[in-house]
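Here's the structure we're looking at; comments come further down.
The values are calculated or read from the model by the stated rules, or taken from the named source; none is laboratory data. Quantities reported herein were computed from a predicted structural model and do not represent experimental measurements. Because the Cβ atoms are built from the backbone with ideal geometry, glycine has one as well, and the counts that use them run over all protein chains shown.
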Amino acid sequence: MEHLYVIIDEIFDGDIDALEQRDNWRNMIAEYSAAMQILRKRSEYTDNDIEQFQYLIDNFFEKYVKETGCEGITNYIHMLASAHIKHYMVIHRNLYKYSQQGWESLNSKYKQVFFRHTQRGGNYGIATEESERTYIQSIMKAFQREMLWISGDAELHFYNASFNQ
């Protein structure tokens, strides 16, 4: 977000009549950036953080709608402006812990399984019909193993199995 100022300045470069509009966009981006810094905090939000976040978003939204009209309102902008995100901030006190990075990591792992540990559909021989080939079986097996370990069920199974013998 810090580099959007360069783009904004380039868009309005040389247009003396648009200096006010350029400044509006610069202020709008500054408020949005400040709000996102609060939202991305790794520590627990204070009540003041949450109120400051929504104050900045409300200011941003008011300017944004003046500049873009209702056509510029995306689902994400709606969630911010309607205080849905604020609601989650109040309930969970930190949203960083719910980021999608864990799922991205799993996606990367399954891509590796597919490209390194399968034949991408397999070479089952010349007599094998295309409908009999499995493109996803290896990935689903890896997914099942991962979910068993993440959920703790695999560890519980091995822990209980060692005492039952």
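Determine whether the stretch 105-114 contains at least one residue that is assigned by TED's automatic domain parsing to the domain that holds W149 and of a type in the set (F, W, Y).
Taking every residue of the stretch 105-114 in turn, at least one turns out to be assigned by TED's automatic domain parsing to the domain that holds W149 and of a type in the set (F, W, Y).
Is it the case that the stretch 144-159 has a residue that's outside any helix (DSSP H, G or I), modelled with pLDDT under 90 and acidic (D, E)?
No, every residue in the stretch 144-159 fails to be outside any helix (DSSP H, G or I), modelled with pLDDT under 90 and acidic (D, E).
Go through (1) more than 19 Å from E44 (Cα to Cα); (2) in contact with a Phe, Trp or Tyr (Cβ under 6 Å, 6 or more places away or on another chain) for S82 and report which single condition fails.
(2)
Taking only pairs six or more apart or across chains, which ones have beta-carbon atoms under 6 Å, a first residue in the stretch 7-29 that is in the same structural domain as T68 (by TED's automatic domain parsing) and farther than 15 Å from T68 by Cα, and a second residue that is part of a helix (DSSP H, G or I) and not charged (D, E, K, R)?
Filtered contacts from the stretch 7-29: F12/A18.
Residues that are of a type in the set (S, T, Y), at pLDDT 70 or above, in contact with a helix residue (DSSP H, G or I) (Cβ under 9 Å, 6 or more places away or on another chain) and on the phi < 0 side of the Ramachandran plot: does the stretch 96-104 have at least one?
yes
Need the failing condition index for R120 against (1) basic (K, R); (2) part of a helix (DSSP H, G or I); (3) modelled with pLDDT under 85, just the number.
The one condition R120 does not meet is (2).
For the stretch 1-54, name all the residues that are among the hydroxyl-bearing types (S, T, Y) and surrounded by fewer than 15 Cβ atoms within 10 Å (Cβ to Cβ).
Matches in the stretch 1-54: S43, T46.
Would you list the helices (runs of 4 or more DSSP H) that sit entirely within the stretch 1-87 and hold 3 or more residues that are over 25 Å from Y98 (Cβ atoms)?
Result: 4-11, 19-39, 47-68.
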